[in-house]
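To keep things clear, I will list the structure first and then write my remarks on it.
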Amino acid sequence: MIDFLGTLTESSLGQVNGLTITATLGVLLVSMAIWSVSRPSRFPPGPRGLPIVGSIFDMTDNPEVVFGKWAKKYGDIFGLKVGQRWMVVLNRKDVIKEALIKQDVEFAGRPDFYSMELFTEGFKDIAFSTYTDTWKLHRKLGHTALRHFATGKPLQKLVSSVYPKVEKELAENGEKPIDTRLLLTLIMYNVFSQMCYGKSYDLHDPNVKEWMRMNDELNANFGLGLAADYFYWAKYFPTSGPRLMKALTVDFEKFVESELAQHKQQSYDPDNISDFYSMLLKAQEDAERAGEDVDKLTDVHILQTILDIFSGGIQSTVDTLYWAFALMSEYSEIQKKAQTEIDSVIGRDRVPTIEDRGTLPYTEATLYEVMRYSTVGPLSLPHSTICDAKIRDYVIPKGAIVMINLHSMHFDPQEWDDPDSFKPEHFLDEAGTVRQHPPSFMPFGAGRRTCLGEAAAKADLFLIFSWFLQNYTFSKVPGKESENVINLIPQTVAGRILEPYEIVIKERK
């Protein structure tokens, strides 16, 4: 009897202990779930999301579509939880400019995404590193280099040197349908390789196609980044994402390192600085001779800065021109009007130059409208707050991700007449003068994080776009005249990047 009672007591205690553990775990899980969706004090309103994961599963459509719906519901400033991170989305010009211009330092940070930490070897680049003295130094060097090598006559020379190669390529192609993305990448690869390390390539060089392959792989696999970007603990799990990112990082670095090593051995002359890489090497040598701290100018920093200028400059310009060619093939009357203006002002006997900017208002307005209508980076690069920041009646905590919804500016019906239509008149005033800076137009961002290559990009786009219109006519492939360019936008998180398409390019006689 005593043995039975003892056994019963032990059994009962075991059940009680089991129930206690289960209850404790349940309380902990419920507490974690409640904590994970509890919003910081005075945080902007927004979707509640799910416990633990937040609203991450709602962000599978084009971001401008998702954020546009939420902005209508919650207002121009809304906040949400994405995994373990708080995110705030800013919409329309007044709110965006209040953050980026009036509080430019507070919003000058970058999120410490694990994917970008891997890709930049510990944030040693310009684009993804946060606001520090090292970042300021490299941005200053990058700005100086672009001013020397990517403006005025130096840029004119770089771009014009590619024209004969393009003419030969298109002559050999005849009037067969062509997907121009490769051609445009070849053009811009030549321009930036000459600017960065003084080397020119044949349009069919395998290096260029390998660069495209790596870029395509990066965009296809990391449009949303890695799980560890939003869940800190995920980086400790041996998943395929980080391995692929590390492998791509090695590929990109080897690709550029080989070019830089060859240039340093064969062409570098500290008394004759003729390209961006030489300028960075000279800055590094000067710092060493002066006994300064060179931790900010290591070989890794230099490599990452070159990669920033190189890849960023190529990608954005190619994507915009790809849209421009598609839109010109669709809106033949706009194309003809721009061509008539170019023929009248420049003629056919010389190439367009930097000095022609300001003399071709309709052509320039058409190009600006391409940039607005395409908005290839609808959310720009993510910002973060470097301290608690107040905007309107809300407080955005330090370290929060801040998304700048440029699409909300470029398609705001209160700012643009019929924003969903492609109309160069959006950028012309009543006198026919170009409106270069409409209040709700910000393709290159603003404030401390404004695009480093804005001036160079605008010049590149003008020179290449006007030269093509001067010499060629774009049209749709026969039999596909009814297809609309807007249907080429994929429903993905990659932004407004067109699906592959073909057009016909005819030489103007």
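Taking 0.36 nm per residue of separation and subtracting the current Cα-Cα distance, fully stretching the chain between ASP94 and SER41 would add 16.7 nm. Here the label points at SER240 and THR433, each 7 Å from Cα along the C-beta direction, are separated by 5.8 nm in the simple model. Computed in the context of the full set of protein chains, the accessible area of region 384-509 at 1.4 Å probe radius has 48% of its extent on carbon or sulfur.
Residues in region 415-426 carry Karplus couplings, in order, of 10, 10, 6, 6, x, 7, 9, 8, 9, x, 4, 4 Hz; the curve used is 6.51 cos²θ - 1.76 cosθ + 1.60 with θ = phi - 60°, and Gly or Pro positions show x. State the answer as a single residue: which of THR366, GLN315, GLN335 lies farthest towards the positive end of the charge dipole of region 315-444, with beta carbon charges of +1 for Lys and Arg and -1 for Asp and Glu, about the Cα centre. My answer, from the dipole projection, is GLN315.
Computed about the Cα centre, the dipole magnitude for region 222-307 is approximately 580 debye when only Lys and Arg (+1) and Asp and Glu (-1) carry charge, each at its Cβ.
With both labels modelled 7 Å from their Cα along Cα-to-Cβ, the ALA287 to VAL351 distance reads 3.5 nm.
Would you mind checking the pairs LYS337/LYS509; LYS157/LYS199; LYS168/LYS506; LYS176/LYS199 and listing those with alpha carbons more than 19 angstrom apart? Pairs exceeding 19 Å: LYS176/LYS199.
Relative to the longest principal axis of the Cα atoms of the chain, the long axis of helix 63-74 lies at roughly 60 degrees. Between helix 180-197 and the chain, what is the angle of the helix's C-alpha long axis to the longest principal axis, kept within 0 to 90° and rounded to the nearest 10? Long axis of 180-197 versus the principal axis of the chain: about 90 degrees.
Rounded to 0.05, the FRET efficiency of the GLU507 and ASP133 pair, given R0 = 56 Å and the Cβ-Cβ distance, is 0.60. Using a probe of 1.4 angstrom and keeping all protein chains present, the accessible surface of the chain works out to 47 square angstrom per residue. From the alpha carbon centroid of region 69-85 to that of region 263-316 is 41 Å.
Positive end of the dipole of region 368-509 (Cβ unit charges, origin at the Cα centre): among ASN487, CYS451, ILE503, the Cα lying farthest that way belongs to CYS451. Each listed q (0.10, 0.14, 0.17 Å⁻¹) maps to a log10 I(q)/I(0) for region 360-462 from the Debye sum over equal C-alpha point scatterers, namely -0.34, -0.62, -0.85.
Residue pairs exceeding 31 angstrom between C-alpha atoms, taken from LYS72/LYS398; LYS153/LYS209; LYS72/LYS336: LYS72/LYS336.
Dipole orientation for the chain: of the candidates THR120, PRO352, PRO419, PRO419 has the Cα lying most toward the positive pole (charges on Cβ; Lys, Arg +1; Asp, Glu -1). Note on exposure: PHE119, PHE43 ranked by accessible area (1.4 Å probe, complete protein assembly) read PHE119, PHE43, with the most exposed listed first. Protection proxy ranking of 421-434, 441-454, by the mean of other Cβ atoms within 10 Å over each peptide's residues and highest first, is 441-454, 421-434. For region 234-311, carbon and sulfur atoms together expose 48% of the accessible surface, with a 1.4 angstrom probe and every protein chain in place. Where (i) 68; (ii) 27; (iii) 20 are the candidate values, the label of the one calculated here for percent of Cα pairs over 41 Å apart is (ii). Over the residues of the chain, the helix contribution to mean residue ellipticity at 222 nm works out to -17000 deg cm²/dmol, using -39500 (n - 2.57) for each DSSP H run of at least 4.
Residues whose amide H lies under 5 Å from that of SER200, counting only those 5 or more places away or on a different chain, are absent; hydrogens are built 1.01 Å from N in the peptide plane. Evaluating 6.51 cos²θ - 1.76 cosθ + 1.60 at θ = phi - 60° for every residue in region 162-167, the Karplus couplings come out as 8, 4, x, 5, 5, 4 Hz, glycine and proline recorded as x.
For the pair VAL300 and ALA446, a Förster radius of 25 Å applied to the C-beta separation gives a FRET efficiency near 0.25, rounded to the nearest 0.05.
Local charge for SER466 was computed over the other residues whose Cβ lies under 15 Å away, with Lys and Arg +1 and Asp and Glu -1, and equals -1. Charges were assigned to the Cβ only: +1 to each Lys and Arg, -1 to each Asp and Glu. The resulting dipole of the chain about its Cα centre is roughly 760 debye. Here's the list of lysines a cross-link from LYS97 could span, going by alpha-carbon distance under 16 Å and ignoring same-chain residues fewer than 8 apart: LYS390.
Once backbone amide H atoms are built at 1.01 Å from N, SER384 has GLY109, ARG110, VAL402 as its partners under 5 Å, excluding neighbours fewer than 5 places away on the same chain. Bridges between two residues of the chain, per DSSP, are antiparallel at a rate of about 80%. The modelled label-to-label distance for the pair THR359/HIS143, using points 7 Å beyond Cα in the direction of Cβ, is 3.1 nm. Full extension of the chain between ARG48 and LYS199 gives 49.1 nm of extra length, using 0.36 nm per residue less the Cα-Cα distance. The stretch between VAL250 and ASN484 holds 80.3 nm of extra length on full extension. This uses 0.36 nm per residue minus the Cα-Cα distance. Could you compute the FRET efficiency for ARG392 and THR340, with r as their C-beta to C-beta distance and R0 at 51 Å, rounded to 0.05? Taking R0 as 51 Å, the efficiency between ARG392 and THR340 is 0.60.
For region 39-195, a simple Cβ point-charge model (Lys and Arg +1, Asp and Glu -1, everything else neutral) yields a dipole of about 520 debye relative to the Cα centre.
Angle check, please: helix 133-149 long axis (alpha carbons) against the longest principal axis of the chain (alpha carbons), in degrees 0 to 90, nearest 10. So the helix axis and the longest Cα principal axis differ by about 20 degrees.
The values are calculated or read from the model by the stated rules, or taken from the named source; none is laboratory data. Since the model is a prediction, treat every value here as computed from it, not as a measurement. Ideal geometry is used to build each Cβ from the backbone, glycine not excepted, and the neighbour counts take in all protein chains shown. The protein model used for the area step is the full one, side chains on, heavy atoms only, and it has no ligands, DNA or RNA in it. Shrake-Rupley method; radii C 1.70, N 1.55, O 1.52, S 1.80 Å.
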